[in-house]
Amino acid sequence: MASIYDINIQSLQGQLIGFSDFKGKALLIVNTASKCGFTPQYEGLQQLHQQYASEGLVIIGCPCNQFGKQEPGDAKAISEGCLINYGVDFLITEKIHVNGANTHPLYRYLKTALPGFMGNNIKWNFTKFLIGKDGTPIKRFAPFTKPASMEGAVKKALG
């Protein structure tokens with residue numbers, strides 16, 4: 001895969017999201033889960049979204065049930081949990097796999113572009129990937145990295 005702009009994914013509501021629509025915007029892509037110790041990070045992600053969306057930041061949450069089965073719900077349950085508990089109004093995709101044979105092409109691309117400390121696998125929920133406005137992968141952040149501590153990198157990505 002040549003570029004992130006060659007990737008498509010379905011939204012939680014089943015609509016096609018083409019990454020080519022995000023040219024000229026910085027992206028923050030996060031594998032999420034509703035029943036994880038890191039789930040409160042939704043609040044910090046929403047704050048980044050509110051503060052920087054108008055400057056070109058697009059946050060995309062990708063629900064995944066591969067870590068401790070912490071995202072067991074269907075699309076309706078995921079959507080309601082994000083909205084009711086955290087007021088999330090940034091993009092949430094369909095539930096996907098981020099590791100293994102059924103890894104979504106988005107995560108195949110991200111893990112190759114920005115490998116982790118111990119290889120290409122995602123270790124847990126709320127691993128974050130920052131992509132520049134030109135589509136260049138910039139940085140991978142660990143699950144324990146709080147969204148507020150990424151603000152400097154986000155500002156830099158927005159140029």
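The values are calculated or read from the model by the stated rules, or taken from the named source; none is laboratory data. Treat the numbers as computed from the prediction; the structure is a model and nothing was measured. Neighbour counts are summed over all protein chains in view; Cβ atoms, including those assigned to glycine, are modelled from backbone coordinates with ideal geometry.
Key figures
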item	result
Residue list for the stretch 72-90, restricted to those being surrounded by fewer than 19 Cβ atoms within 10 Å (Cβ to Cβ), closer than 20 Å to Q50 by Cβ and among the hydrophobic types (A, V, I, L, M, F, W, C)	L83, I84
Search result, residues across the stretch 144-159 that are surrounded by 19 or more Cβ atoms within 10 Å (Cβ to Cβ) and under 22 Å from P63 (Cα atoms)	P147, M150, V154
Flag if T103 is of a type outside the set (D, E, K, R) and surrounded by fewer than 16 Cβ atoms within 10 Å (Cβ to Cβ)	no
Residues (under 23 Å from Q66 (Cβ atoms) and in a strand (DSSP E or B)) located in the stretch 17-46	I17, L27, L28, I29, V30, N31, T32
Any helices (runs of 4 or more DSSP H) falling wholly within the stretch 71-159 and containing at least 2 residues that are out of contact with any helix residue (DSSP H, G or I) (no Cβ under 8 Å at 6 or more places or on another chain) and modelled with pLDDT of 95 or more	105-113, 151-158
Subset of the stretch 85-109 [under 21 Å from P137 (Cβ atoms) and of a type in the set (S, T, Y)]	T93, T103, Y107, Y109
Filter result for I122 (touching a Leu at 6+ places or on another chain (Cβ under 7 Å), within 28 Å of K23 (Cβ to Cβ) and aliphatic (A, V, I, L, M))	no
Residue within the stretch 54-61 that is at pLDDT 95 or above, out of contact with any Lys or Arg (no Cβ under 8 Å at 6 or more places or on another chain), assigned to a helix (DSSP H, G or I) and under 20 Å from L27 (Cα atoms) present	yes
Qualifying residue in the stretch 83-90 (condition: touching a residue at least 60 places away in the same chain (Cβ under 8 Å), under 16 Å from A148 (Cα atoms) and out of contact with any Lys or Arg (no Cβ under 8 Å at 6 or more places or on another chain))	no
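For every residue, the table says whether it meets (1) of a type in the set (D, E, K, R); (2) crowded, with 20+ Cβ neighbours inside 10 Å; (3) touching a Cys at 6+ places or on another chain (Cβ under 9 Å); (4) farther than 19 Å from P143 by Cα.
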site: S34; (1), (2), (3), (4): no, yes, yes, no
site: Q47; (1), (2), (3), (4): no, no, no, no
site: Q66; (1), (2), (3), (4): no, yes, no, no
site: Q70; (1), (2), (3), (4): no, no, yes, no
